[in-house]
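The values are calculated or read from the model by the stated rules, or taken from the named source; none is laboratory data. On a predicted model such as this, the values are computed, not experimentally measured, just so you know. No Cβ is skipped: glycine too gets one built from the backbone with ideal geometry, and neighbour counts run over all protein chains shown. Heads up: the accessible areas ignore ligands, DNA and RNA and are worked out on the full protein's heavy atoms, side chains in. Shrake-Rupley method; radii C 1.70, N 1.55, O 1.52, S 1.80 Å.
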Amino acid sequence: MLYELITNNTHNNNIALYKCYNANKVFYRKAAFSHWGNKVIENEKKGYDWFYKDSETLIETRLKKKYFYELDIPQFKGKKFSSESVISGNEEPIGRIIDFYKGQWSAKDVFAIHGDLALCNFIIDKKNIKLVDWEHFHYSDKEFFGYDIINMLFILIEHESKRTFRLNKRNMDFLKKCYIQLIEGAGNNNKILEKPFQNSKDYLLRFKDRFLTNVSKKFVLAGSPLSVLEHLDSIVTD
Amino acid sequence: MLVPQHNYTNLSSAAGLGMIGFNEDAIAVDYGCVCFDSFIYASRLCKKIVGIVPSSEKLKTLQKRLVEEDIKNYELVNANYKERHFEDVFDYVIINCFLEQLLTEIKHNKSIYFNSIIGAKKKDNSLEKTGIGFLQSACKGLRPGGKIYLSYANMLRINILFQLSMHKIMSFSLSYNLRKGLGFASFVKNIYLLSSCLLSQKGLETLLKSNGFVDIEKYAVFPDHKCPLKIIPLSKLDECSYEPVQHLYREGSLSRISAGVKRRVGRLIFMKFKLFDLSPSFIITARKAS
C-alpha cells in the first residue's frame, strides 16, 4: 500500500491525515500520534456515525484501536472546494448546503454540532452531499440550530472580503437570502439566530471544551471584535 | 465532557513511520536513534525495539526520555556491536537521517554502524565496496519480507559525494607512488559509482536492489524529514496534488516575506514544473526479498 501524507498536526491536533492507495482502492486514514489524538479520532468516528446513521448511502468508516488509533474513511466522489473558497461563484452550492442542513439536522433524534462546517469539508455531486472532518463534533441542544451554517458563512465572508469584512451589495443580498432560508428551519426558542454572528461567537467561547481544540487559535470567529459581528448581524437581520 | 489535557507526548514528527504499518508482534531496530520521537512511536506499536546508539551521551539522553515515557520494551546497544548478533531478527529497520549519519562517520573517519563505509582496503570496486555499503548491515538484520525505512536530507547527497570523493582522492594520492598509477582506472570507476548512487535516483535504487531489497518506494518530503508535513509518493505524482506547506516564521516582516517567497518558489518548482528531484528531503521504503 502507498501513502500520501496530506496534513500533519494541523492546529496541534496530534493527527496525521494520509491518502492511501491500495491496489485499485483509494481511501483516507487519520492516525493519532498521542493519547489526545486518540480522543479526537474517537470523537470524529462518533460524528460520522451520527451523521450517516440513517443515510441512504452506506458509509463505512473503520476505527482501529491500536496503541494509537486509526480511522479509515472512504473516498467520496464529487466536487470539492478549496479551503480559501469565497461566496462569489459558490452561491448555488451554498444554497443547497443550507437546505441540506435544515433537512438533515432537523430529522435527527439527537441534535449535534459539526464544529468546523466549512465549504471545503463538503463533497457535492448532483444527487448527494457528503460531509467530512468531524473532529470537533459534539452533542448539543436544538436551540443552537444554525451555529454550523453561521460559522460557514463567517469563513466565506472572511475570505471574500480578504479579512476586511467589507462586502459588496450582491454579497450582502445573498447573505440575507441565506439567513432567511436558514431561519425557516429554526424553532421558537432558538438561541443563535436573533444575533447570529454574535451568538455563534458566544457559543464557541462558552462551550470551547466541547470542540477538542484551542478555539482561539483555530477559529477566527472566536477572536473577532464585537464591531465586526454587529456589522454582519445588521447585514442579515435588518 | 472532554477537556483538553496536556500530559501527553505528541509524536507527530514520526508521521513518516505511519506509512510503515507496524505489526504489534514485530521487532524493530533503529540505527542511530536520531529522532527520539520515531523510536518511541515504533516502541509503542511494536513488540520490541532495539536502538543502536552511537555515543554514550546520546545513550543517556535517550534512556532518560524512555524512563519518562515509561517505555520498557526496548534494548539499547552500543554502536560497537557485532553484526552477527543481528541476522534475520528484525521485521523493520529504521534509519532516520541516514545521510547525516554517514556524513558524521566520514568526517570522523570511522565506521560506527555501517561496514566498509570508508577505509575499505578491498581492491574490488563493486558497488558495496565503494564506500556506501551500509545497506548490507541493514539487510542482514532483517527477516525475509521485512521492511526498511530510510529518511535523508536531499542536499546532503552532494555534500557526501564531495567528502567521499575527497577521501578517495587522498587515498589515491597517497598510494600513487607505490602503485605507479595502476589503480587510476579503479579510482575513476569508484568516483563514477559514487556519483551514480548518490546523485541519481536510479543509482540509489540499483544500490538497494543489489543489497537484496525489492518493492522500493521513494517519497518526496516537505519541509523536512525530521518533522514532515507533506509526503508524496513519487510513483503516484499524477494522482497527488502538491500544495505548499505552511513555512513557519518568527515575528517580523522579513521572516514573513521569506516564508512567502519559499511558498511561491515551492509552487513554481513542484506544482508547475514537477521537479520533485529537488524536494528538500526523501523517505525510501523497501522490503527484503523473501
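Computed values, structure above
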item	result
Condition met for residue A:156 (free of Cβ contacts under 8 Å to residues at least 40 places away in the same chain and buried (at least 20 other Cβ atoms within 10 Å of the Cβ))	no
From the options B:221, B:214, B:245, residue that is closer than 21 Å to residue A:2 by Cβ and modelled with pLDDT under 75	B:245
Options B:278, B:229; residue that is at pLDDT 80 or above and more than 14 Å from every other protein chain (Cβ to nearest Cβ)	B:278
Residue ranges of strands (runs of 3 or more DSSP E) in segment A:1-75 with at least 3 members within 14 Å of another protein chain (Cβ to nearest Cβ)	A:2-8, A:15-22, A:25-32, A:69-74
Among the candidates A:199, A:190, residue that is part of a loop (DSSP other than H, G, I, E, B), touching a Gly at 6+ places or on another chain (Cβ under 9 Å) and open to solvent by less than 70 Å² (accessible area, probe 1.4 Å)	A:190
Unique residue being among the β-branched types (Val, Ile, Thr) and either modelled with pLDDT under 70 or touching a Pro at 6+ places or on another chain (Cβ under 9 Å) (or both) when the list is B:94, B:117, B:148	B:117
Filtered residue count, segment A:17-28, keeping only those that are over 19 Å from the mean Cα position of the chain (by Cα) and either open to solvent by less than 50 Å² (accessible area, probe 1.4 Å) or among the hydroxyl-bearing types (Ser, Thr, Tyr) (or both)	6
Residue check, residue A:148 assigned to a helix (DSSP H, G or I), open to solvent by 70 Å² or more (accessible area, probe 1.4 Å) and closer than 18 Å to residue A:222 by Cα	no
Qualifying residue in segment A:203-214 (condition: more than 22 Å from residue A:47 (Cα to Cα), free of Cβ contacts under 8 Å to residues at least 12 places away in the same chain and not polar (S, T, N, Q))	no
Residue match in segment A:138-145 (condition: part of a strand (DSSP E or B) and crowded, with 19+ Cβ neighbours inside 10 Å)	yes
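Each row is one residue, and each column tells you yes or no for (1) assigned to a helix (DSSP H, G or I); (2) open to solvent by less than 70 Å² (accessible area, probe 1.4 Å); (3) within 11 Å of chain A (Cβ to nearest Cβ).
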site: B:16; (1), (2), (3): yes, yes, yes
site: B:22; (1), (2), (3): no, yes, yes
site: B:61; (1), (2), (3): yes, no, no
site: B:67; (1), (2), (3): yes, no, no
site: B:72; (1), (2), (3): no, no, no
site: B:75; (1), (2), (3): no, no, no
